[in-house]
Amino acid sequence: MDVPSSAGKTKPYHHGNLFEELLRVAIEIIEEKGADHLSMREVARRAGVSPGAPFQHFQSKGTLLTAVAEQAMQRLTNSVSDAEAAAGDATPLRRLEAIGQGYLRWAMSNPTHFEVISSRKLIDFAASETLRAQNETIRRTMVDLVTRAKVEGSLAPDSDVNQVVLAARAYVYGLARMVVDGHFPEWQVTEQADATVLGALHMFMTSLSRER
């Protein structure tokens, strides 16, 4: 595939995988300017292809960002799965905490992906089977762990499983949001961000547990 050069000539297209290159360039632009300044024309220019080339893979900016979110979700899924697996034979609540730790570490290491996947204004979550399926997998894992914790007596017998799952998800998301948005200084946080969020998560999980 040839694209015009600045001199009016053409140069060969060297990227081995245009789809992946477009995702990479989109992330690069978002990191520099924010998602609001992302445009298909700028993505094409930086990728070194014609303005119409990205539309071979993505119908619009929204579908491009949804693809970025799908990439992010896969990495998030891997992070929380690895964290839970590393918890081994720990109690259900400790494994739930491990999932939260995996989420927080992923968000802090991938703030741009976190930004994209968090905003329903940027992506079409409902239209993506990948996003919906992987999100549901994480949710069901959390439901299973909380249910087992309740059965084993680690939670109060009147605990509502879905409310506990929602609270845990909201707490972890809120911590991640504060880190990514840079809110810690005004809250007098003096520790490193990772130590702060992991410590806060442990305090939250301990407050839920009857294992104390």
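With a cut-off of 8 Å between alpha carbons and a minimum separation of six or more residues, what is the relative contact order of the stretch 10-56 in percent?
Computed value for the stretch 10-56: 31 percent relative contact order.
Just how many pairs of Lys in the chain have C-alpha atoms closer than 30 Å, counting pairs that are eight or more places apart or on different chains? Let's see the in-between values first.
Values: K9/K61; K11/K33; K11/K61; K33/K61; K33/K121; K61/K121.
Eligible lysine pairs with Cα atoms under 30 Å apart amount to 6.
Rounded to two decimal places and with Rh computed the Kirkwood way over Cα pairs, what is Rg over Rh for the stretch 10-56? Spell out each step's value before the answer.
Working: Rg = 10.4 Å, Rh = 10.8 Å.
Result for the stretch 10-56 is an Rg/Rh of 0.96.
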Note, ³J(HN,Hα) from phi for the stretch 85-97, Karplus 6.51, -1.76, 1.60, rounded to Hz, x at Gly and Pro: 4, 5, 6, x, 8, 5, 5, x, 5, 6, 5, 5, 4
Rotationally averaged projected area of the stretch 37-105 (alpha carbon convex hull; nm²): 6.1 nm²
Estimated vicinal HN-Hα couplings, Hz - the stretch 56-72 in sequence order (Karplus 6.51, -1.76, 1.60; Gly, Pro = x): 5, 10, 10, 6, 7, 4, x, 6, 5, 5, 5, 5, 4, 5, 5, 4, 4
Which of L175, L131 has the fewest Cβ neighbours within 10 Å, and the rest in rising order: L131, L175
Whole-number percent relative contact order across the chain, with pairs defined as alpha carbons under 8 Å at least 6 apart: 18 percent
Calculated P(r) of the chain - Cα pairs past 26 Å, %: 46 percent
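For the chain, what does -39500 (n - 2.57) per DSSP helix run (n ≥ 4), summed and divided by total residues, give at 222 nm, in deg cm²/dmol to the nearest 500?
Calculated mean residue ellipticity at 222 nm is -21500 deg cm²/dmol.
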In order through the stretch 128-138: 3J(HN,Hα) via Karplus (6.51 cos²θ - 1.76 cosθ + 1.60), integer Hz, x for Gly, Pro: 9, 4, 4, 4, 5, 5, 6, 5, 5, 4, 5
Paired Rg and Dmax values of the stretch 69-161, which use every Cα atom, in angstrom: 14.5, 42
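Just so you know, all these numbers are worked out from the coordinates, no wet-lab data involved. Given the structure is predicted, the values throughout are model-derived calculations rather than measurements. In this analysis, Cβ positions are derived from the backbone assuming ideal geometry, glycine residues included, and neighbour counts consider all displayed protein chains.
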